[in-house]
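A.B. asks: Starting off with a structure, shown below.
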Amino acid sequence: MAKNLVIVESPAKAKTINKYLGSDFQVKASMGHVRDLPKKKLGVDVKKGFAAEYEVLATRKKVLDELKAAAKDAPIVFLAADPDREGEAICWHLAEELGARARRKVKRVVFNEITKRAVEEAFKHPADLDDKKVDAQQARRILDRLVGYKVSPILWDKVRRGLSAGRVQSVALKLICDREREIRAFVAEEYWTVAAHLAAGLPPEFPANLVKKDGKNIEIVNEEQAKAVRADLEAATFRVAKVTARERKRNPVPPFITSKLQQEAFKKLRFSVKKTMQVAQRLYEGVDLGPDGSVGLITYMRTDSVRVANDALESVRGRIANTYGEDYLPEKPNFYKSKKDAQDAHEAIRPTYLDRDPEAIKRYLGKDEYALYKLIWNRFVASQMRPAVFDETVVDIEAAAYLLRAKGSTMRFRGFLAVYEESPEEKREEKPRQEAAPGATEEAEPDAAPALPPLAEGDALTLKKLDTDQHFTQPPPRFSEASLVKELEENGIGRPSTYASIISTIEAREYMEKREGKLYPTELGFVVTDLLVQHFQDIMNVEYTAAMELELDEIEEGTDNLLNTLNQFWKKFEKDLKKAAKEMENVKATEVETDETCDKCGRKMVIKWGRYGRFLACSGYSEKPQCKNTRQLPGGEGTDAPELHEDVAKEVCPNDGQPLVLKKGRYGPFLACTNYPDCKVTKRLVRGEGGKLQVEQLPPIDEKCPECGKDLTWRRGRFGPFIACSNYPECKYIKKKEAREIGLTCPECGQGQVVERKGRWGRFFYGCKRYPECRFTAYHKPIPEPCPDCGRAFLLEKETKKEGKVVFCGNEACHFKRAAA
């Protein structure tokens, strides 16, 4: 008898689902989308109602043939892609490609978690494809294609080949550029703080901060004012004016939605947004748990809803009561309110099985999987616990005309903090819908405060020390991946499924770069953003982009339609395209005269645009005699010229004594001789303290070339630094790197030591020092430790994304493996 066919996106998901279905089903994977708009042309016929021309992806033709063959005899074809717009679109494309006969047998099944209960329930209630959800996805895809394929060619023509614009990515880039301009325009302002260290009748001493003078908030803006305040306080008598004791509650935060997971994983685990989603995908689709097989450990990870299913609430409440006690369990479940435009059909991100706690299954998880699963687990459990309770004391202290305030806080009940504490930056906007205890406050104040001695109104206090400290206001911080996601979410730009790809695309196009976790726009990013803002005000407007996201939601809800949305967009966009093609500045052809003089021929230097940004070039490039002299632009307003360490300006060429000048190449800024390229001397620049560029410091070489007698020097190649003759290219001597011993005698010959070597393609491997007499090699690092299972003389060490660093036996018949120390 023919089996029913179930189609999902990935082999991992297929493996997990397969074990929950009976022998009447076969589960196959489509490997994601099977067709898309063509790469080499627009693929959208605007005049024919934005008809989309889809084609099967070359890498999916074989997969699709297998699916067609399986669907031919199947009684029912169940499409079980992810429960979002992209998943619905995958199902629709599959139904279209499987053929008319198979299309009549197609049913859609949707589940938010890959568990036996959820899968079986979904197959009991199959439905038809959701045409509205498909239309919403198609509208997004066509909008993105129109912007990308219509605007990008203009940028190729006016700025540089290979550039791209995007309906959402360009707005995200604008946010990064706007923030950078805010930082550059920021002017620091001076201010002073005053803190008195006081003593009462009983210890301990405690600090009190100055807050008012003559009943009004006080601002101290210079040293003169600070000295005057200090003199007044040193002569004043300190007395307790008021003591307020109160209870303060700190509520738990909701379970994760996609954006909050990305932000917390970045702050706590240092995961990039992309990595977070990759690891979460594996946890959702299924992880092999030994005897239990493949198990989906979390619910669907692309969601903006904080809703939790009732059975999950019952399960987690039972877990809390058994593990932490009834004191930690609220009388009723905590419910959280999703944001206005959230798609509440999905649940929050939570564990699927509360009996599979992170520690119990740690041995089956890779390092990254364990870390993210534990984060999700703890957050979900904490979201259903009681608030933390603090006893807080606020003391107002009078000193002449001044008022100082001291705060003390002690934790009375840990509540959800016994399990999880969110990052300090996270706003606690979403409160669980529960009634607070009478008199309790819910202010978002710091929990850590020094203990105060017993104090009563009228108590006299002794001044022990007075601190007057100078400060300066700080500019807004640059975006990190996490804070950019937060900004996109708050402005309604993009959706949970798009945040990772937005950031990846901006970086891939060299519009911004990451330095120490912060996002810096490049000069190219500024130029492209300014051109797009000037000529495409609508698509570069944050509010307009957010409104477009809401229109896509309305298409899915059935209150708007695809054609109306696309027509409204195209009407204005087409006019902007025609105008931009004619009026946009041709950056490539623009030359700006400067007062700089060419140090080679004496002609004027001009600012030109090249592959790596703006640079100074001799105006005699197209004249005779031709001069090809170029220089990097000095740092200035409106450029992304790098900050240089002061020592960089002192560098001179060791060959001709000429100063080294800043240049920019495919790998970034570098120093080169003034006579470059006639003189080939260059020095690499690396980022030092404070992000400033400085010359890479390599160990000094006090050796002569054994072939020509000239000095040996450091050079850099595709595989890193190496030592070579300074007389290159006349002398091509290269000093071979000494092989590094790892403390293991060769297990084959028993005579030589095992050393680390580098192959011709740059890959490191390990081999016997007696090569070529002994040809022992290993691509993983050998460990001088015998295998406890098979007795082999050595083990191997490797590191993978899934498992982290592990030690294992290289004997194929032996399966010994353990975590590396």
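A.B. asks: Against the conditions (1) at pLDDT 95 or above; (2) of a type in the set (Val, Ile, Thr); (3) surrounded by fewer than 19 Cβ atoms within 10 Å (Cβ to Cβ), where does Val194 fall short? Just the number, please.
C.D. replies: Among (1) at pLDDT 95 or above; (2) of a type in the set (Val, Ile, Thr); (3) surrounded by fewer than 19 Cβ atoms within 10 Å (Cβ to Cβ), Val194 violates only (3).
A.B. asks: Moving to a separate point now. Residues that are within 17 Å of Gly717 (Cα to Cα) and either open to solvent by 80 Å² or more (accessible area, probe 1.4 Å) or at pLDDT 75 or above (or both): which strands (runs of 3 or more DSSP E) entirely in the stretch 649-705 hold 1 or more of them?
C.D. replies: 668-673, 682-687, 693-695
A.B. asks: Let me ask you something else. Cβ contacts < 6 Å: first residue within 19 Å of Leu693 (Cα to Cα), restricted to the stretch 671-682; second residue hydrophobic (A, V, I, L, M, F, W, C) and assigned to a loop (DSSP other than H, G, I, E, B), any location; separation 6+ or different chain. Result?
C.D. replies: Listed pairs, sorted by first residue: Cys673/Cys653; Cys673/Cys679; Cys673/Val681; Val681/Cys653.
A.B. asks: Taking the stretch 180-219, which residues are free of Cβ contacts under 8 Å to residues at least 60 places away in the same chain and within 20 Å of Arg405 (Cβ to Cβ)?
C.D. replies: As a first pass, look at the stretch 180-219 and keep what is free of Cβ contacts under 8 Å to residues at least 60 places away in the same chain: 181, 185, 187, 216-217, 219.
Answer for the stretch 180-219, where residues must be free of Cβ contacts under 8 Å to residues at least 60 places away in the same chain and within 20 Å of Arg405 (Cβ to Cβ): Lys216, Asn217, Glu219.
A.B. asks: Among residues belonging to the stretch 81-92 that are part of a loop (DSSP other than H, G, I, E, B) and out of contact with any Lys or Arg (no Cβ under 8 Å at 6 or more places or on another chain), point out the one that is farthest from Ala12 (Cα to Cα). Talk me through it step by step, then tell me what you get.
C.D. replies: Step one: of the stretch 81-92, the residues part of a loop (DSSP other than H, G, I, E, B) are 81-84.
Now drop any that are not out of contact with any Lys or Arg (no Cβ under 8 Å at 6 or more places or on another chain), which leaves 81, 83.
Values: Ala81: 13, Pro83: 17 Å.
Looking at residues that are part of a loop (DSSP other than H, G, I, E, B) and out of contact with any Lys or Arg (no Cβ under 8 Å at 6 or more places or on another chain), I get Pro83.
A.B. asks: May I pose another question? Could you please give the count of residues in the stretch 468-482 that are touching a strand residue (DSSP E or B) at 6+ places or on another chain (Cβ under 9 Å) and open to solvent by 40 Å² or more (accessible area, probe 1.4 Å)? I'd like the intermediate steps shown before the answer.
C.D. replies: Pass one, the stretch 468-482, residues touching a strand residue (DSSP E or B) at 6+ places or on another chain (Cβ under 9 Å): 468-473, 477-481.
Filter once more, keeping what is open to solvent by 40 Å² or more (accessible area, probe 1.4 Å): 469-473, 477-478.
The qualifying residues number 7.
A.B. asks: Something else about it: I'd like to know if the stretch 760-769 contains one or more residues that are at pLDDT below 80 and open to solvent by less than 70 Å² (accessible area, probe 1.4 Å).
C.D. replies: yes
A quick yes/no check of all residues on (1) charged (D, E, K, R); (2) closer than 27 Å to Leu283 by Cβ; (3) touching a residue at least 40 places away in the same chain (Cβ under 8 Å):
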residue: Cys768; (1), (2), (3): no, no, no
residue: Pro786; (1), (2), (3): no, no, no
residue: Ala793; (1), (2), (3): no, no, yes
residue: Glu803; (1), (2), (3): yes, yes, yes
residue: Gly810; (1), (2), (3): no, no, no
residue: Phe816; (1), (2), (3): no, yes, no
residue: Ala819; (1), (2), (3): no, yes, no
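A.B. asks: Having 2 or more residues that are closer than 30 Å to Gly415 by Cα and either in contact with a Lys or Arg (Cβ under 9 Å, 6 or more places away or on another chain) or of a type in the set (A, V, I, L, M, F, W, C) (or both) is the bar; report the helices (runs of 4 or more DSSP H) wholly within the stretch 166-273 that clear it.
C.D. replies: Output list reads 258-269.
A.B. asks: Follow-up question, since we're still on this one. Given the conditions (1) within 18 Å of Leu64 (Cα to Cα); (2) open to solvent by less than 30 Å² (accessible area, probe 1.4 Å), which single one is not true for Leu21?
C.D. replies: (1)
A.B. asks: Please pick out the residue among Gly558, Gly517 that is touching a residue at least 24 places away in the same chain (Cβ under 8 Å), surrounded by fewer than 17 Cβ atoms within 10 Å (Cβ to Cβ), more than 23 Å from the chain's Cα centre (by Cα) and on the phi > 0 side of the Ramachandran plot.
C.D. replies: Working: Gly517 fails: more than 23 Å from the chain's Cα centre (by Cα).
Only one candidate passes the filter, namely Gly558.
A.B. asks: For the stretch 93-131, give me each residue that is part of a helix (DSSP H, G or I) and more than 24 Å from Leu57 (Cβ to Cβ).
C.D. replies: Of the residues in the stretch 93-131, the ones part of a helix (DSSP H, G or I) are 93-98, 100-103, 116-124, 131.
If the condition is that a residue be part of a helix (DSSP H, G or I) and more than 24 Å from Leu57 (Cβ to Cβ), then Lys116, Arg117, Ala118, Val119, Glu120, Glu121, Ala122, Phe123, Lys124 are the ones that fit.
A.B. asks: Let me ask another. Would you confirm whether or not the stretch 18-30 contains a residue that is of a type in the set (Lys, Arg), in a loop (DSSP other than H, G, I, E, B) and touching a residue at least 60 places away in the same chain (Cβ under 8 Å)? Before you say what the answer is, go through the steps one by one.
C.D. replies: Of the stretch 18-30, the ones of a type in the set (Lys, Arg) are 19, 28.
Retained after the next criterion (residues that are in a loop (DSSP other than H, G, I, E, B)): 19.
Among the residues that remain, those that are also touching a residue at least 60 places away in the same chain (Cβ under 8 Å) are: 19.
Scanning the stretch 18-30, I find at least one residue that is of a type in the set (Lys, Arg), in a loop (DSSP other than H, G, I, E, B) and touching a residue at least 60 places away in the same chain (Cβ under 8 Å), so the answer is yes.
A.B. asks: Okay, moving on. If only one of Thr529, Thr545 is within 28 Å of Gln137 (Cα to Cα) and touching a Cys at 6+ places or on another chain (Cβ under 6 Å), which one is it?
C.D. replies: Details: Thr545 fails: touching a Cys at 6+ places or on another chain (Cβ under 6 Å).
Being within 28 Å of Gln137 (Cα to Cα) and touching a Cys at 6+ places or on another chain (Cβ under 6 Å) holds for just one of Thr529, Thr545, which is Thr529.
A.B. asks: Now a separate question. Kindly indicate whether Glu189 is surrounded by fewer than 14 Cβ atoms within 10 Å (Cβ to Cβ) and of a type in the set (Asp, Glu). Even if it seems obvious, please write down each step before you answer.
C.D. replies: Working: surrounded by fewer than 14 Cβ atoms within 10 Å (Cβ to Cβ): yes; of a type in the set (Asp, Glu): yes.
Answer is yes for this residue.
A.B. asks: Mind telling me which of the residues Leu57, Leu79 ends up being among the hydrophobic types (A, V, I, L, M, F, W, C) and buried (at least 19 other Cβ atoms within 10 Å of the Cβ)?
C.D. replies: Numbers: Leu57 fails: buried (at least 19 other Cβ atoms within 10 Å of the Cβ).
Just one listed residue meets the conditions, Leu79.
A.B. asks: Looking at the stretch 275-294, is at least one residue loosely packed, with under 15 Cβ neighbours inside 10 Å, free of Cβ contacts under 8 Å to residues at least 12 places away in the same chain and more than 30 Å from Pro83 (Cβ to Cβ)?
C.D. replies: Within the stretch 275-294 (the criterion being loosely packed, with under 15 Cβ neighbours inside 10 Å, free of Cβ contacts under 8 Å to residues at least 12 places away in the same chain and more than 30 Å from Pro83 (Cβ to Cβ)), the answer is no, since none of the residues qualifies.
A.B. asks: Right, something else. Hey, can you tell me all the residues within the stretch 571-601 that are over 20 Å from Val151 (Cα atoms) and either modelled with pLDDT of 95 or more or open to solvent by 50 Å² or more (accessible area, probe 1.4 Å) (or both)?
C.D. replies: Across the stretch 571-601, the qualifying residues are Glu591, Val592, Glu593, Asp595, Glu596, Thr597, Asp599, Lys600, Cys601.
A.B. asks: Can I ask one more? Go through the residues of the stretch 243-257 one by one and say whether even a single one is within 27 Å of Pro450 (Cβ to Cβ) and among the small types (Gly, Ala, Ser). Break it down stepwise before answering.
C.D. replies: Narrowing the stretch 243-257 to residues within 27 Å of Pro450 (Cβ to Cβ): 243-253.
So of that shortlist, the ones also among the small types (Gly, Ala, Ser) come out as 245.
Yes - at least one qualifying residue is present in the stretch 243-257.
A.B. asks: Exactly one condition in (1) under 24 Å from Val44 (Cβ atoms); (2) in contact with a Leu (Cβ under 8 Å, 6 or more places away or on another chain); (3) modelled with pLDDT of 95 or more is false for Lys158; which is it?
C.D. replies: Among (1) under 24 Å from Val44 (Cβ atoms); (2) in contact with a Leu (Cβ under 8 Å, 6 or more places away or on another chain); (3) modelled with pLDDT of 95 or more, Lys158 violates only (3).
A.B. asks: Right, another one. Which of the residues spanning the stretch 450-467 are part of a strand (DSSP E or B), surrounded by fewer than 18 Cβ atoms within 10 Å (Cβ to Cβ) and not polar (S, T, N, Q)?
C.D. replies: We begin by selecting, within the stretch 450-467, every residue part of a strand (DSSP E or B); these are 460-467.
Subsequent filtering for residues that are surrounded by fewer than 18 Cβ atoms within 10 Å (Cβ to Cβ) retains 460, 462-467.
Residues satisfying the conditions are Ala460, Leu463, Lys464, Lys465, Leu466, Asp467.
A.B. asks: List every residue pair whose Cβ atoms sit under 9 Å apart, with the two residues 6 or more apart in sequence or on different chains, where the first one lies in the stretch 363-380 and is in contact (Cβ under 8 Å) with a residue 24 or more places away in the chain and crowded, with 20+ Cβ neighbours inside 10 Å and the second, anywhere, is of a type in the set (S, T, N, Q) and assigned to a helix (DSSP H, G or I).
C.D. replies: Going by the 9 Å Cβ cut-off, the qualifying pairs are Asp368/Gln278; Leu372/Thr276.
The values are calculated or read from the model by the stated rules, or taken from the named source; none is laboratory data. Just so we're clear, the structure is a prediction, and the values are computed from it rather than from any experiment. A quick note on method: Cβ atoms are made from the backbone with ideal geometry, for glycine too, and the neighbour counts reach across all protein chains shown. Areas reflect the complete protein model, heavy atoms only, side chains present, ligands, DNA and RNA absent. Shrake-Rupley method; radii C 1.70, N 1.55, O 1.52, S 1.80 Å.
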